[in-house]
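One structure is given here, and the rest of the page talks about it.
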Amino acid sequence: MSAVLELPVPTRSRWSQVPAVLAAVAGPLAWRLLWPLAVWLVAAGVAWVSLAGRNPYDGGHVDTFGRWSTLPSGILLLAGFAAIPVLWVWGARYAAGLGHDRGVVFAVTTAASVLLQAALHVVSLAAGLLELRALGTGGIHVFALETSNIMGTHDGLWNGSWVFALWYLTPVILTVLLTSVGFLRWGPLGLLLVLAIPAVLIGAAFVTVLVDTGFTWFGVLLYLGVLAGSIAGAWAMFRCVAL
Amino acid sequence: MVSYSTNEPIGQADGVELPLFLQIARAIENDIVDGLLAEEDQAPSTNEIAAFHRINPATALKGVNELVAGGVLYKKRGIGMFVATGARDALLRRRRTDFAARFLAPALAEARRLGLTDADVIALIQEAHHG
Amino acid sequence: MADSPAIALTGLSVTYRSPGRDVAALADLHAIIPAASIVGLVGRNGAGKTTLLRVLAGREPRFTGDAHVHRVPLADLGRTPGLVHLAGAGWPGAGDRTLASLIAGLGRARPHFDRTRALALLEGFGIHPSAHPRRLSAGKQTAAQASLALASRAPLTLLDEPQTGLDAPSRDLLTRAIIEEQALRPRTWVISTHLIDETAPLFERVLVLDAGRLVTDADVDELLTRWVRVEADPAVLEALPRLGELERLGGRGSAIVAASDVPAGFAGRTHPLTLQALAGVLPLASKE
């Protein structure tokens, strides 16, 4: 008796949704991905001004030939981590609420969380190198990387910072990611802490083990195992999130 | 039926609420009987009926189909619904036959309740007619 | 596709667990809704209407039982984006977006979304696309959500109390827009509402929920001929099986009774019921 339904059931390959999901997760003008850079530039400006005024600033030191501040790179790192909950709590929920496939939203947001750190690190690295090239070892350096001090020489910039980022930061990224998704799943701050504490402990233990084992097979397998386990756990939570 | 518009179809008949689609059918029949819709005229489309009365288009369609089944309307493919020749006469005949059941029976039942005899009722009819 | 039922529910249940007690928001729902029909969803506050709509839209993934929309299991809704649209649940995480941005996002997510229609409808309600949904008044938010739902052209469109806060002319505008959409491009609608009598002319079927249970799933016309209100001497009415209370005023009693239970030669008066009046007492029928 009812009229003929003319609308066909829409079908579309899941992965063709990726650009639209990315646009939804990143926000208008991709601000959710770019805001750490804004914070970083502000910190660089502040560091520059304080070094120029010769005031000892947290993280800054005076070399024989120049003044260095690693504060901005540290701030960029922290902002990068803070960007993860923002991506999940606002970006991923919005994308899923629009009707995109949850698996695609999860994959895109996870990739964004991890790759954002890598991208920010590349930008920081590039800025540091450009600054070095432009100023030599004299002048005010605001884009220096903390890791260059840990790993010794400036030539070790490439090796040092990559190892740092990929190996040691991953557990932190995973921890923040898991707590973000846990918050989406269960809400209240209490649950957030419950997830964060064991995650941080595991992450810390993990990092300690790796510092000792370095690039051994055991270390690499452990690393991959934790990576896989975390992502599986995060997906198990994300697919049950109510929007 | 309550709607924001005042284009409400006829509600009750015989003391029982007619289903909406039958109300629609009756409204179109009224147009034919009243001469507003002549034979071979095009009847309003179901979408027009639905929009006018603020009802579900499927309900409007059901009402129109009722009239098609009753031979009051017929369908010209690709154009729309038209009033069948002889529809008005057929409706008048049908309603005259139903007149007693639809209008007289309730009136007589009410008369009975009020204790009026048939003679009283006839006298009242004559009064109403001449008054 | 038109022959697959728009909604097929088998044993659908949603239970929220909290320490000490479990709350069954939906309990063992079975229903089949035919395609291209307009269905009313009524029930008291907290009966589970919003929960049901959220489940159907894929927003609430924690349920047991089976649920399919046009033979697509709810878990796979993401693979057919734009199949279901829910209005009234808001857009999580959309605080930083204007309506125009939301429309763009919806257009990318839902293949049938008609941007022109969305803008035209918003204009009809006096809403500018540069507005931020959160900063609109309650009525305008409702109108905006409804406009987006109509424009989404989703084969299953769910409207959760779409008249909330709307003034009467706006409600009329909404009704006309729904009818227009249905006339041009039929789809299946499930509309939950408290303004039952005002919205009833749209409904072909009605679902009545009571405390998470589906107490009625029926054709509206059939329902309104099945039950009647009878008025007579209370002593006479006492004997008849009825829904709800036997109300008295002076020497007259009034009750809602199944038409088939009215005895032949009944001396009292019989009146038709409105859907609103009937929906209020139907939950009592299943409690016997």
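Looking for something of a type in the set (Lys, Arg), farther than 18 Å from C:Asp160 by Cβ and either more than 12 Å from every other protein chain (Cβ to nearest Cβ) or assigned to a loop (DSSP other than H, G, I, E, B) (or both) - is there at least one such residue anywhere in the stretch C:49-72?
Kept after step one, since they are of a type in the set (Lys, Arg), are these residues of the stretch C:49-72: C:49, C:54, C:59, C:62, C:71.
Cutting the leftovers down to farther than 18 Å from C:Asp160 by Cβ gives us C:62, C:71.
So of that shortlist, the ones also either more than 12 Å from every other protein chain (Cβ to nearest Cβ) or assigned to a loop (DSSP other than H, G, I, E, B) (or both) come out as C:62, C:71.
Yes: the stretch C:49-72 contains one or more residues that are of a type in the set (Lys, Arg), farther than 18 Å from C:Asp160 by Cβ and either more than 12 Å from every other protein chain (Cβ to nearest Cβ) or assigned to a loop (DSSP other than H, G, I, E, B) (or both).
Within the stretch C:228-240, how many residues turn out to be in contact with a strand residue (DSSP E or B) (Cβ under 7 Å, 6 or more places away or on another chain) and in a loop (DSSP other than H, G, I, E, B)?
Quick first cut of the stretch C:228-240, residues in contact with a strand residue (DSSP E or B) (Cβ under 7 Å, 6 or more places away or on another chain) only: C:228-234, C:237-238, C:240.
With in a loop (DSSP other than H, G, I, E, B) added as a condition, the list becomes C:233, C:240.
Residues flagged as in contact with a strand residue (DSSP E or B) (Cβ under 7 Å, 6 or more places away or on another chain) and in a loop (DSSP other than H, G, I, E, B) within the stretch C:228-240 amount to 2.
I'd like to check which helices (runs of 4 or more DSSP H) are fully inside the stretch C:166-227 and have at least 2 residues that are over 14 Å from the mean Cα position of the chain (by Cα), without any contact (Cβ under 8 Å) to a residue 24 or more places away in the chain and within 11 Å of chain B (Cβ to nearest Cβ).
Details: elements: C:168-184, C:196-199, C:220-226.
Per the criteria, C:168-184, C:220-226.
All but one of (1) at the interface with another protein chain (Cβ under 7 Å from one of its Cβ atoms); (2) among the acidic types (Asp, Glu); (3) over 18 Å from A:Trp90 (Cβ atoms) hold for C:Asp76; which doesn't?
(1)
A quick yes/no check of all residues on (1) within 9 Å of chain A (Cβ to nearest Cβ); (2) within 23 Å of A:Gly103 (Cβ to Cβ); (3) of a type outside the set (Lys, Arg); (4) in contact with a Ser or Thr (Cβ under 6 Å, 6 or more places away or on another chain):
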| residue | (1), (2), (3), (4) |
| --- | --- |
| C:Val84 | yes, yes, yes, no |
| C:Thr98 | yes, no, yes, yes |
| C:Glu123 | no, no, yes, no |
| C:Ala131 | no, no, yes, no |
| C:Ser137 | no, no, yes, no |
| C:Gln145 | no, no, yes, no |
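Working only within the stretch C:255-273, note down all residues that are outside any strand (DSSP E or B) and closer than 12 Å to C:Arg226 by Cα.
C:Ala259, C:Ser260, C:Asp261, C:Val262, C:Leu273
Within 14 Å of chain B (Cβ to nearest Cβ), among the hydrophobic types (A, V, I, L, M, F, W, C), surrounded by fewer than 15 Cβ atoms within 10 Å (Cβ to Cβ) and in contact with an Asp or Glu (Cβ under 9 Å, 6 or more places away or on another chain): is that true of C:Ala267 in this structure? Walk me through how you get there before you give the answer.
On the way: within 14 Å of chain B (Cβ to nearest Cβ): yes; among the hydrophobic types (A, V, I, L, M, F, W, C): yes; surrounded by fewer than 15 Cβ atoms within 10 Å (Cβ to Cβ): yes; in contact with an Asp or Glu (Cβ under 9 Å, 6 or more places away or on another chain): yes.
Yes, satisfied.
Given the criterion of a type outside the set (S, T, N, Q), on the phi < 0 side of the Ramachandran plot and not assigned by TED's automatic domain parsing to the domain that holds C:Leu166, identify the matching residue among C:Ala57, C:Ala24, C:Ala100, C:Ala47.
C:Ala24
Looking at (1) touching an Asp or Glu at 6+ places or on another chain (Cβ under 7 Å); (2) modelled with pLDDT under 95, find the lone condition where C:Ala183 falls short.
Failed condition: (1).
I need the full set of residues from the stretch B:56-68 which are closer than 15 Å to C:Glu204 by Cβ, crowded, with 23+ Cβ neighbours inside 10 Å and in contact (Cβ under 8 Å) with a residue 40 or more places away in the chain, in order please.
Start the filter on the stretch B:56-68 by keeping residues that are closer than 15 Å to C:Glu204 by Cβ, which leaves B:56-63, B:65.
Cutting the leftovers down to crowded, with 23+ Cβ neighbours inside 10 Å gives us B:56-57, B:59-60, B:63.
Within the stretch B:56-68, just B:Gly63 meets the criteria.
Does B:Ala107 satisfy the criteria of being more than 16 Å from B:Glu29 (Cα to Cα) and surrounded by 12 or more Cβ atoms within 10 Å (Cβ to Cβ)? Give the derivation first.
Working: more than 16 Å from B:Glu29 (Cα to Cα): yes; surrounded by 12 or more Cβ atoms within 10 Å (Cβ to Cβ): yes.
Criteria met by B:Ala107.
Consider the stretch A:99-132. How many of its residues are at pLDDT 85 or above and more than 16 Å from the chain's Cα centre (by Cα)?
Filtering the stretch A:99-132 down to residues at pLDDT 85 or above leaves A:99-131.
Remaining after also requiring more than 16 Å from the chain's Cα centre (by Cα): A:99-105, A:126-131.
Total satisfying the criteria: 13.
All but one of (1) within 13 Å of chain A (Cβ to nearest Cβ); (2) over 16 Å from C:Trp91 (Cα atoms) hold for C:Gly107; state the number of the condition that does not hold.
Status for C:Gly107: all satisfied but (2).
Here are the criteria: (1) acidic (Asp, Glu); (2) in contact with a Phe, Trp or Tyr (Cβ under 6 Å, 6 or more places away or on another chain); (3) more than 13 Å from every other protein chain (Cβ to nearest Cβ). Tell me which single one C:Asp160 does not satisfy.
Exception for C:Asp160: condition (2).
Here are the criteria: (1) surrounded by 14 or more Cβ atoms within 10 Å (Cβ to Cβ); (2) over 15 Å from the mean Cα position of the chain (by Cα); (3) touching a residue at least 40 places away in the same chain (Cβ under 8 Å). Tell me which single one B:Ala38 does not satisfy.
With respect to (1) surrounded by 14 or more Cβ atoms within 10 Å (Cβ to Cβ); (2) over 15 Å from the mean Cα position of the chain (by Cα); (3) touching a residue at least 40 places away in the same chain (Cβ under 8 Å), B:Ala38 is out only on (1).
For the stretch A:64-100, enumerate the residues that are facing another protein chain (nearest Cβ under 9 Å) and either under 18 Å from A:Trp186 (Cα atoms) or of a type outside the set (A, V, I, L, M) (or both). Let's see the steps before the verdict.
First pass over the stretch A:64-100, keeping only residues facing another protein chain (nearest Cβ under 9 Å): A:89-100.
Listed by number, the residues that qualify are A:Val89, A:Trp90, A:Gly91, A:Ala92, A:Arg93, A:Tyr94, A:Ala96, A:Gly97, A:Gly99, A:His100.
The values are calculated or read from the model by the stated rules, or taken from the named source; none is laboratory data. The shown structure was predicted, so the numbers you read here are calculated from the model rather than taken from an experiment. Neighbour counts are summed over all protein chains in view; Cβ atoms, including those assigned to glycine, are modelled from backbone coordinates with ideal geometry.
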